[in-house]
Amino acid sequence: MDPRFRAKALRSPRGAKVSEIDWGDGHQSVYPHDVLRGYCPCAGCQGHEGTIKFVKPTSDIQMELDAIDPVGNYALQLTWFDGHSSGLYSYTYLRALCHCDVCRPGVAKEERAELARS
Ligand SMILES: [Zn+2]
Ligand SMILES: [Zn+2]
């Protein structure tokens, strides 16, 4: 498996506002929870086709993580405090979601562009 899409470690302390993933190639991604929730890839949030858009969360419980469960070896299922749990975040998608300066040189941190499905 491509080490860029292999999560070596996941840190998401209860109550934290960000989650972190260490990747097999040494890259470290830090995900603010508004980014993770706003880019939830499920059909309920995004419909069935087109690009993935940032859907701004409107309340704090939408941005608080209740559980993170691995799905096979290709994705994570995130459960949020409002009960939303239909989003499957593949590792390739999570890697594309990284908003760091290395992955998005020259792009402002607060910019929330549309993403391809993966
Ligand atoms: Zn969703
Ligand atoms: Zn990055």
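For GLU64, only one of the following conditions fails: (1) within 24 Å of GLU114 (Cβ to Cβ); (2) of a type in the set (Asp, Glu); (3) surrounded by 15 or more Cβ atoms within 10 Å (Cβ to Cβ). What is its number?
Answer for GLU64: the failing condition is (1).
Residue by residue through the range 1-20, note down the ones that are surrounded by 12 or more Cβ atoms within 10 Å (Cβ to Cβ) and closer than 21 Å to VAL102 by Cα.
ARG4, PHE5, ARG6, ALA7, LYS8, LEU10, ARG11, VAL18, SER19, GLU20
Can you tell me which of (1) among the small types (Gly, Ala, Ser); (2) touching a strand residue (DSSP E or B) at 6+ places or on another chain (Cβ under 6 Å); (3) within 16 Å of ligand 2 (Cβ to nearest atom) is the one GLY106 doesn't meet?
All conditions pass for GLY106, except number (2).
Look through the range 103-118, keep the residues that are of a type in the set (Lys, Arg) and within 16 Å of ligand 1 (Cβ to nearest atom), and return whichever of them is modelled with the highest pLDDT. Show your work before the answer.
Initially, the range 103-118 is screened for residues of a type in the set (Lys, Arg), giving 104, 109, 112, 117.
Within this subset, residues satisfying the condition of being within 16 Å of ligand 1 (Cβ to nearest atom) are 112, 117.
Numbers: ARG112: 92, ARG117: 82.
Here the residue is ARG112.
Restricting to the range 24-59, name every residue that is more than 21 Å from ALA113 (Cβ to Cβ), within 16 Å of ligand 2 (Cβ to nearest atom) and not in a loop (DSSP other than H, G, I, E, B).
The one that is more than 21 Å from ALA113 (Cβ to Cβ), within 16 Å of ligand 2 (Cβ to nearest atom) and not in a loop (DSSP other than H, G, I, E, B): GLN28.
Only one of VAL55, VAL30 is among the β-branched types (Val, Ile, Thr), more than 15 Å from ligand 1 (Cβ to nearest atom) and modelled with pLDDT of 95 or more; which? Don't jump to the end; show me each part of the working.
Working: VAL55 fails: more than 15 Å from ligand 1 (Cβ to nearest atom).
Going through VAL55, VAL30 in turn, the sole match is VAL30.
Results for (1) within 16 Å of ligand 2 (Cβ to nearest atom); (2) in a strand (DSSP E or B); (3) at pLDDT 95 or above; (4) charged (D, E, K, R), shown as yes or no for each residue.
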residue: ALA16; (1), (2), (3), (4): no, no, no, no
residue: SER19; (1), (2), (3), (4): yes, yes, yes, no
residue: ASP22; (1), (2), (3), (4): yes, yes, yes, yes
residue: ASP69; (1), (2), (3), (4): no, yes, yes, yes
residue: LEU76; (1), (2), (3), (4): no, yes, yes, no
residue: THR79; (1), (2), (3), (4): no, yes, yes, no
residue: ASP82; (1), (2), (3), (4): no, no, yes, yes
residue: SER86; (1), (2), (3), (4): no, no, yes, no
residue: ASP101; (1), (2), (3), (4): yes, no, no, yes
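Go over the candidates GLY83, GLY87 one by one and state the one that is farther than 16 Å from SER12 by Cβ and either in contact (Cβ under 8 Å) with a residue 60 or more places away in the chain or small (Gly, Ala, Ser) (or both).
Details: GLY87 fails: farther than 16 Å from SER12 by Cβ.
On inspection, the qualifying residue turns out to be GLY83.
The values are calculated or read from the model by the stated rules, or taken from the named source; none is laboratory data. Here the structure is a predicted model, which means the values were calculated and not measured. No Cβ is skipped: glycine too gets one built from the backbone with ideal geometry, and neighbour counts run over all protein chains shown.
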